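Down below is the structure, laid out as structure tokens.
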Amino acid sequence: MVSTPAEVDRLLSAADESTARVGLGPETRAAVVRAVAAARELGDPGRLLHALGRAALNLALERLADGGDVTEVWEKAEEVLVLAGGLLADPELQADAVYRTAQAGQILAATGDAERGRDIVERLWRSVAPRPADDLDALRARTAALTALVTMRLDTDPAGLGPLAAEMVDLQRRLAREDGIPASVVDLSEALGIFVRVARTLGRPDLMRVALTEQYSLAQNFEGSRAQEQRDRIMAALSELHQAAPDIPIVVPGSGAWRMRGSYLDLLFEPGPSGSASGSFAARLAAESRLTGPASGGRLPADPSVIRGCAARLDHGIALAGAERLAEADQVFAELADELSLHDGVMPEPARGDVRRLWAAALYERAMLRHGLGHSDDAWNLAWLSIVVSVRRHEGPAPEGPTPENPTPENPTPQEAAPEETAPENPTPQEATPQEATPQEATPQETAPEETAPKNPTSQKPAPERTAPENPAPERTAFRRTTPGTAAHREALADTATHMVDAATIAVAAGRPEDQIMLLSEAIRRCANQTDPRLRRILGKALHNLAAALRQHPDAATALSERAREVRRELADPADPGSLREYANTLLLTAALAVDRQDWQVAVERLAAVLPLALAVGAAGEAMAAHARQLATAVAARAPELVDRFHHEGHWPYPTR
């Protein structure tokens, strides 16, 4: 009988089901042998990879259990690696190829060839890490590679695995939610077990408790003696934690609670029981694992003409986006970012700076495009990675300890580093701040022109809106920092800060208000003492946006908005309508905040100043003028004598009674 795809799929499902249902043994072994034979006969590489991967894994588990000879295991694992290696470039089969490669590396390590297995897994992660998990297959690939990496490092460096293990859980949960496959739920439970071990090493019983309760939630979805044994083990572990901290209750969740869990990365960066914070921008940056530095061997550096070609492709993508050819632009940016990530691993200084400038720009442009299309999660992932790449370009590796340029979370700059744990709510329509002045264009923080991405950057001198954060990965070689005080340093800093401000806007759309506040605070910190006009303009924007985001915290919002007003007043130039519009927008925000706290003197002064500016910039100021008139009406009703005095002095440009 000639094998057909349907018959092979049936045999593959039978082999997987037998493994899950009855475990290893003659029945399962026979099912796997039939599946491998049928897949070989069919000659379909994807189905053959599935069958060989299952065969190698089951045989490895048998030999590890009975202590038998592992030579056949190594042979099967090597066959899997050869077949998977030829499929890594196939978009349709890449995810399974990554999964089977990671699995084969783990098999080799577990059966005695630890060095080769570790090298396979580390190399695989370096190839997968820079790529965003923006579709289901990419998510599967990233999850598989990272899970293998964390598992491989678990016994050698558990204390350094916190961020990687947290991302592993987040990815695995997202995969379980999106594909709905029971095997993904089982994999999530195993990932949570790994995270518990890492949390114990970190001295974080709070994280252990969270992971164990989620694991219990998952276990309730399965029946049988094995599932009951797992639930009993989890409850025993929770009881031990409760004895150590009896003041913290143990809440046993329902079977669907795991779907509602938030990010473990966010939990990791919250203060632990000792009060030590591992959060803030510096901690998030240090935790980032997708920029791992030069890969060893195999690829020659690109010559300058290739870099020039990449710059031309970036410009082409931007032109396509400007012409509303969004699908084509998205493909250009995606392919360019992938290619530049490979050049980055082998390019020597100073050319690596050009690679990272273009790589960050490609990521940024794609993030803004995806954000405009409403794909907020994809946009956030791309925007954050653009920040990472850009800061690497700007600063190189992070210093080991706190420095004036890299303060610890305990030493934020006064007033500017707003509390990251307090996420502001969006204002209601009745109390909308100036950030909503032009709804058809405006982002959540400001009116449109200032918030949108530049449409005509040049390849040689990028426009203000591109950049990213730093990331001290142990395998990375030293990268050269730009020299403070130079034009190159100011340009890189401006790119970085602009990326942060725009990524903060994307964070809001992605439901990450804490990241919005973190990024705006970091942009303010980096630009606070700069004198360059471009950096001052970015500072004004970040101050304004953070003040608007913290409107529910009047003291912090008022201080930030007044600083933004001072910066923008200095930059306001009648020859530059954009600077006038920005100044007017911040005056309107300070007026709205003054109304909130019933400071009528300040409200009247700001409203008196804002309307002439809003009218002076024409159509761009119409929405601001309308909002100013609404506030003026409200102020006149609450402080009529003050308004009358300003009117008689000729300073009140609004109608009176």
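The values are calculated or read from the model by the stated rules, or taken from the named source; none is laboratory data. What you are looking at is a predicted structure, and each value in this text was computed from that prediction instead of being measured. All Cβ positions, glycine included, derive from the backbone under ideal geometry; neighbour counts span all protein chains shown. Accessible surface areas use protein heavy atoms only, side chains included; no ligands, DNA or RNA. Shrake-Rupley method; radii C 1.70, N 1.55, O 1.52, S 1.80 Å.
In region 10-89, counting only helices (runs of 4 or more DSSP H) that sit wholly within it, the ones holding 3 or more residues that are within 34 Å of the chain's Cα centre (by Cα) and closer than 24 Å to SER127 by Cα span 45-66, 71-85.
Return the total of residues in region 582-595 being in contact with a Pro (Cβ under 6 Å, 6 or more places away or on another chain) and surrounded by fewer than 24 Cβ atoms within 10 Å (Cβ to Cβ). Don't jump to the end; show me each part of the working.
Of region 582-595, the ones in contact with a Pro (Cβ under 6 Å, 6 or more places away or on another chain) are 585, 588-589.
Filter once more, keeping what is surrounded by fewer than 24 Cβ atoms within 10 Å (Cβ to Cβ): none.
Number of matching residues: 0.
For ALA487, only one of the following conditions fails: (1) open to solvent by 20 Å² or more (accessible area, probe 1.4 Å); (2) at pLDDT 90 or above. What is its number? Evaluating ALA487 over (1) open to solvent by 20 Å² or more (accessible area, probe 1.4 Å); (2) at pLDDT 90 or above leaves (2) as the failure. Here is a check on your reading of the model: is ASP247 modelled with pLDDT of 85 or more, of a type in the set (Asp, Glu) and farther than 25 Å from LEU149 by Cβ? No: the conditions fail for ASP247. Among the residues of region 296-311, is any in contact with a His (Cβ under 7 Å, 6 or more places away or on another chain), modelled with pLDDT of 75 or more and surrounded by 13 or more Cβ atoms within 10 Å (Cβ to Cβ)? Within region 296-311 (the criterion being in contact with a His (Cβ under 7 Å, 6 or more places away or on another chain), modelled with pLDDT of 75 or more and surrounded by 13 or more Cβ atoms within 10 Å (Cβ to Cβ)), the answer is no, since none of the residues qualifies. For first residues located in region 127-146 and over 25 Å from ARG392 (Cα atoms), partners that are part of a loop (DSSP other than H, G, I, E, B) and of a type in the set (Ser, Thr, Tyr) and lie 6+ apart or on another chain with Cβ distances below 6 Å do not occur.
Listed by first and then second residue, the pairs with beta-carbon distance under 8 Å, at least 6 apart or on different chains, first residue in region 257-279 and closer than 16 Å to PHE195 by Cα, second at pLDDT 75 or above and hydroxyl-bearing (Ser, Thr, Tyr), are TRP258/SER217. If we scan region 227-244, do we find a residue that is at pLDDT below 85, more than 18 Å from VAL169 (Cβ to Cβ), assigned to a helix (DSSP H, G or I) and charged (D, E, K, R)? No, every residue in region 227-244 fails to be at pLDDT below 85, more than 18 Å from VAL169 (Cβ to Cβ), assigned to a helix (DSSP H, G or I) and charged (D, E, K, R).
Given the structure, is ASP170 closer than 17 Å to ALA95 by Cβ, open to solvent by 10 Å² or more (accessible area, probe 1.4 Å) and in a helix (DSSP H, G or I)?
In short, no.
If you check ARG47, ARG100 for being buried (at least 19 other Cβ atoms within 10 Å of the Cβ), basic (Lys, Arg) and over 26 Å from ARG153 (Cα atoms), only one passes: ARG47.
Evaluated against (1) of a type outside the set (A, V, I, L, M, F, W, C); (2) over 21 Å from ARG118 (Cβ atoms); (3) open to solvent by 30 Å² or more (accessible area, probe 1.4 Å), GLU78 falls short on exactly one condition, (2).
Mind checking whether some residue in region 95-111 is touching a Pro at 6+ places or on another chain (Cβ under 9 Å) and more than 25 Å from ARG63 (Cα to Cα)? No, that holds for no residue.
Looking at ASP644, ASP573, ASP599, which is the one that is under 18 Å from ALA548 (Cα atoms) and more than 36 Å from the chain's Cα centre (by Cα)?
Step by step, each of ASP644, ASP573, ASP599 is checked, and only ASP599 is under 18 Å from ALA548 (Cα atoms) and more than 36 Å from the chain's Cα centre (by Cα).
Got at least one residue in region 573-580 being open to solvent by less than 10 Å² (accessible area, probe 1.4 Å), farther than 18 Å from LEU613 by Cβ and not aliphatic (A, V, I, L, M)? No, region 573-580 contains no residue that is open to solvent by less than 10 Å² (accessible area, probe 1.4 Å), farther than 18 Å from LEU613 by Cβ and not aliphatic (A, V, I, L, M).
Looking at LEU520, LEU535, LEU493, LEU539, which one is modelled with pLDDT of 90 or more and surrounded by fewer than 24 Cβ atoms within 10 Å (Cβ to Cβ)? So that I can check it myself, show each step before the final result.
Numbers: LEU520 fails: surrounded by fewer than 24 Cβ atoms within 10 Å (Cβ to Cβ); LEU493 fails: surrounded by fewer than 24 Cβ atoms within 10 Å (Cβ to Cβ); LEU539 fails: surrounded by fewer than 24 Cβ atoms within 10 Å (Cβ to Cβ).
Only one candidate qualifies: LEU535.
Listed here are the residues, each with its yes/no results for (1) under 29 Å from ARG536 (Cα atoms); (2) open to solvent by less than 40 Å² (accessible area, probe 1.4 Å); (3) modelled with pLDDT under 95.
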site	(1), (2), (3)
ALA557	yes, yes, yes
LEU560	yes, yes, yes
ARG568	yes, yes, no
ASP599	yes, no, yes
ALA639	no, yes, yes
ASP644	no, no, yes
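I need every pair where a residue in region 170-187 that is closer than 16 Å to ASP134 by Cβ has its Cβ under 7 Å from the Cβ of a residue that is part of a loop (DSSP other than H, G, I, E, B), sequence separation at least 6 or different chains. Hits for this filter: ASP170/SER263; LEU171/ALA133.
Suppose we filter ARG153, ARG131 for residues that are on the phi < 0 side of the Ramachandran plot, open to solvent by less than 50 Å² (accessible area, probe 1.4 Å) and at pLDDT below 90; which single one remains? First the steps, then the outcome.
Numbers: ARG131 fails: open to solvent by less than 50 Å² (accessible area, probe 1.4 Å).
Every option except ARG153 fails the conditions.
Which pairs have Cβ atoms under 7 Å, sit 6 or more apart or on different chains, and link a residue in region 108-121 that is assigned by the TED database to the domain that holds ALA56 and free of Cβ contacts under 8 Å to residues at least 24 places away in the same chain to one that is surrounded by fewer than 19 Cβ atoms within 10 Å (Cβ to Cβ) and assigned to a helix (DSSP H, G or I)? Nothing qualifies.
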